[in-house]
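Chemist: If you scroll down you'll find the structure; I have some questions about it.
The values are calculated or read from the model by the stated rules, or taken from the named source; none is laboratory data. Owing to the predicted nature of the structure, the values given are computational and were not obtained by experimental measurement. Because the Cβ atoms are built from the backbone with ideal geometry, glycine has one as well, and the counts that use them run over all protein chains shown. Ligands, DNA and RNA are excluded from the accessible area calculation, which covers all protein heavy atoms including side chains. Shrake-Rupley method; radii C 1.70, N 1.55, O 1.52, S 1.80 Å.
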Amino acid sequence: MNPNSPSRNTLGGRAVRNLTPAVLGAVIIAGTAACGGSDTNSTGTARSTRTVSPEPAMTRSASPTSRTQQEFAASVSAAAERNRQQAAKQLEGVQGRGDAVEDVSVTGLPVAKAEQFRSAVVRVTNPTDKAAFYAVKVEFVDASGKVLDSVVLGFPDAQPGRTVTQNANSRKAAGVKTFPRIAQAERG
């Protein structure tokens, strides 16, 4: 029998037409059963909608605890003060300028007429292959070279190959044209 004969196409087409509604019906029934249908008398829940986490009342709130701006500022100030104290302690025994002066740079910020403090940006770049604590002492000097104030900063966990920055602020040098300089820098 010729595969392209009209009788074969008619039989094949009729078989496909008769089979299509049956296959379609089976797919719809299987899909409905998988989804759980809309039967309100059924017990249990469809597998795809089961809850795997604890009840919402038992979980912690997803929203962070509300802290006031003053509480946040106090925690940041406390951390900065701990770092400063650690840096001051580290610099106590340092002879000369320290072993990390080459890793540190400082840039003075412009002076405003109504400023309450003088500020400088201090940058530390860790050239080593391990994280390190840096202790840095910045001096604010006037045009004659007189030191008006010195500020100690601590840079915790300066990562290898990275640059970290902090501002050194001086109230004693406020309103005076000063030049910041690195007095000491030590890598711990």
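Chemist: In nanometres, what is the gap between the two model label sites at Ser105 and Glu71, each 7 Å from Cα along Cα-to-Cβ?
Modeler: For the pair Ser105/Glu71, the computed spacing is 4.1 nm.
Chemist: Within the stretch 167-188, list the residues whose amide N lies under 17 Å from a label point set 7 Å along Cα→Cβ of Arg97.
Modeler: So the set is 179-187.
Chemist: Rounded if a/c is under 1.5, else prolate if a/b is larger than b/c, else oblate: which is the stretch 58-188, with a ≥ b ≥ c the root eigenvalues of its Cα gyration tensor?
Modeler: In terms of gyration-tensor shape, oblate.
Chemist: Something else now. Pairs Lys89/Lys172; Lys89/Lys177; Lys89/Lys137: which exceed 19 Å Cα-Cα?
Modeler: Numbers: Lys89/Lys172 22 Å; Lys89/Lys177 30 Å; Lys89/Lys137 12 Å.
Going by Cα-Cα distance, Lys89/Lys172; Lys89/Lys177 fall outside the 19 Å limit.
Chemist: Modelling each spin label as a point 7 Å along the Cα-to-Cβ direction, I'd like the Ala88/Val176 distance in nm, to one decimal.
Modeler: In this crude label model, Ala88 to Val176 measures out at 2.0 nm.
Chemist: Can you tell me the relative contact order of the stretch 92-155? Whole percent, Cα pairs under 8 Å, sequence separation 6 or more.
Modeler: Relative contact order of the stretch 92-155: 23 percent.
Chemist: What spacing in nm lies between the two simple spin-label points modelled at Leu148 and Glu81, each 7 Å away from Cα in the Cβ direction?
Modeler: A separation of 2.6 nm, rounded to one decimal place.
Chemist: Right, another one. How much accessible area per residue does the stretch 74-188 have, counting only protein heavy atoms and a probe of 1.4 Å, in square angstrom? Write out the running numbers ahead of the final one.
Modeler: Values: 6580 Å² over 115 residues.
Normalised by residue count, the accessible surface of the stretch 74-188 is 57 Å².
Chemist: Another question about this same structure. What is the packing order of peptides 179-187, 152-160, 121-129, taking the mean over residues of other C-beta atoms within 10 Å and listing the highest first?
Modeler: The densest-packed peptide leads the list: 179-187, 152-160, 121-129.
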